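Just so it is clear, none of the values below were taken in a lab; they were calculated from the coordinates. Because the structure is predicted, anything quoted here is derived from the model rather than measured. Glycine gets a Cβ as well: all are built from the backbone with ideal geometry, and neighbour counts include every protein chain shown.
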Amino acid sequence: MPKVLVCPVAFNEKIKLQNVIERFLKSRTRSLVDYLIVDDGSTDGTTEMITSYGSRGVATIKHEQRRGVGAAIRTAIRYAEKNAYDIIVIMAGNDKDNPEEIPELLHPISSEGMDFVQGSRYKGKVGTGGDMPFYRKIATRMHPWLMSFFTGVRITDSTNGFRAFRLAILKDERIDLDQPWLDTYELEPYLMFKAIKGGHKFTEVFVTKIYPPKKLGYTKMKPFVGWWSILKPVFYLGLGIKK
């Protein structure tokens, strides 16, 4: 069996992240994988809440100050590499992803030899995506269209952070995760773009995406600055501005 690390990343998500942890601990996947939360410098009690689950197999790494979601994912990847994991699963720390669907992401890797499996709220389904804000419905359709255009591979959901990939793809010298411009929302689309264009086996599988009640906050992403951050790698790589 491959060694798998599941990693939510979070910043100031005490209430939602606790639900993420509880759902994972009750899931069918619990006994098959290891679990690490990267705390990106939380200041609202998130850190103490995560630590309280240490005796139940929940490991954590905390950044001393907020560095960005890309930097947090990079920390998780480096931890996984150092500890000889084969596969890493990235998921949201704000309770939008279903831990019961982790096996759906892992199946194409183990049974079909895939290298990168992207979760898609739109794959083969109609009217899915959860109760997301209107501007996000537009953005989550536009981004995969642009990604598909520049990579030459049809993609239905390139902004969904629920995905799994073999750590072996990072041995590809064309992939450089340590670039400073990848510290916020850029790293995820960068890695997907590079995996596809590098010829690594890629597929999508359907996953649900459930947005929390509005009073708890949809996301910490700012509509314009944040969306430019996830669009930037597509244009930079597609036009040859960055490597």
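Using unit Cβ charges (K, R positive; D, E negative) and no other charged atoms, how large, in debye to the nearest 20, is the dipole of region 4-238 about its Cα centre?
Using Cβ point charges on Lys, Arg, Asp and Glu, region 4-238 gives about 620 debye.
Placing +1 on the Cβ of each Lys and Arg and -1 on the Cβ of each Asp and Glu in the chain, which of Cys7, Asn83, Phe206 has its Cα farthest towards the positive end of the resulting dipole?
Result: Phe206, furthest along the dipole toward the positive end.
Using 25 Å as the Cα-Cα cut-off, could you pick out the over-long pairs in Lys16/Lys243; Lys26/Lys96; Lys26/Lys209; Lys123/Lys243; Lys16/Lys232; Lys201/Lys242?
Lys16/Lys243; Lys123/Lys243; Lys16/Lys232
Do you know the relative contact order of the chain, to the nearest whole percent, from alpha carbon pairs under 8 angstrom that are 6+ apart?
23
Ranking Ile210, Ile87, Ile50 by Cβ neighbours within 10 Å, fewest first, what do you get?
In increasing order of surrounding Cβ atoms, one gets Ile210, Ile87, Ile50.
For region 9-103, what does the alpha-carbon gyration tensor say about shape, rounded, prolate or oblate, given a ≥ b ≥ c as the root eigenvalues, a/c under 1.5 as rounded, and a/b over b/c as prolate?
It is oblate, given that a/c is not under 1.5 and a/b is not larger than b/c.
Between Glu104 and Arg154, what length in nm is gained on full extension when 0.36 nm per residue of separation is reduced by their alpha carbon distance?
Taking Glu104 through Arg154 to full extension adds about 16.0 nm, to one decimal.
Using modelled backbone amide H atoms (1.01 Å from N, in-plane), which distant-in-sequence or interchain residues come within less than 5 Å of Val6's amide H?
Asp34, Tyr35, Leu36, Val89
Mind listing the phi-derived Karplus ³J(HN,Hα) values for region 227-239, rounded to whole Hz, using 6.51, -1.76 and 1.60 with θ = phi - 60°, and x for any glycine or proline?
Computed from phi, the couplings for region 227-239 are 6, 5, 4, 8, 7, 3, x, 5, 6, 4, 6, x, 9 Hz.
For region 137-177 and region 5-53, what is the separation of their Cα centres, given in Å?
Region 137-177 and region 5-53 have Cα centres separated by 25 Å.
Arg121's amide H: which non-local residues (gap 5+, or another chain) put their own amide H closer than 5 Å, with H modeled 1.01 Å from N in plane and none for Pro or chain starts?
It is Val207, by chain and number.
Could you put Ser229, Ser110, Ser55 in order, starting from the residue whose Cβ has the fewest other Cβ atoms within 10 Å?
By the 10 Å Cβ count, ascending, the order reads Ser55, Ser110, Ser229.
Quickly estimate the mean residue ellipticity at 222 nm for the chain, helices only: each DSSP H run with n ≥ 4 gives -39500 (n - 2.57), and the total goes over all residues, rounded to 500.
Using -39500 (n - 2.57) per qualifying helix, the result is -11500 deg cm²/dmol.
Find how much the distance from Phe235 to Leu146 grows on full extension, using 0.36 nm per residue of separation minus their present alpha carbon separation; answer in nm with one decimal.
Residue separation times 0.36 nm, minus the Cα-Cα distance, leaves 31.2 nm.
Most exposed first by the Cβ proxy, i.e. fewest other Cβ within 10 Å, how do Tyr211, Tyr85 rank?
Fewest-to-most ranking of Tyr211, Tyr85: Tyr211, Tyr85.
With point charges of +1 on the Cβ of Lys and Arg and -1 on the Cβ of Asp and Glu, referenced to the Cα centre of the chain, which listed residue (Tyr35, Val153, Ala168) lies farthest in the positive direction of the dipole?
Highest projection toward the positive end goes to Val153.
Summing Lys, Arg as +1 and Asp, Glu as -1, what charge do residues with Cβ under 15 Å from the Cβ of Lys62 carry, Lys62 excluded?
Within the 15 Å Cβ shell, the charges total -1.
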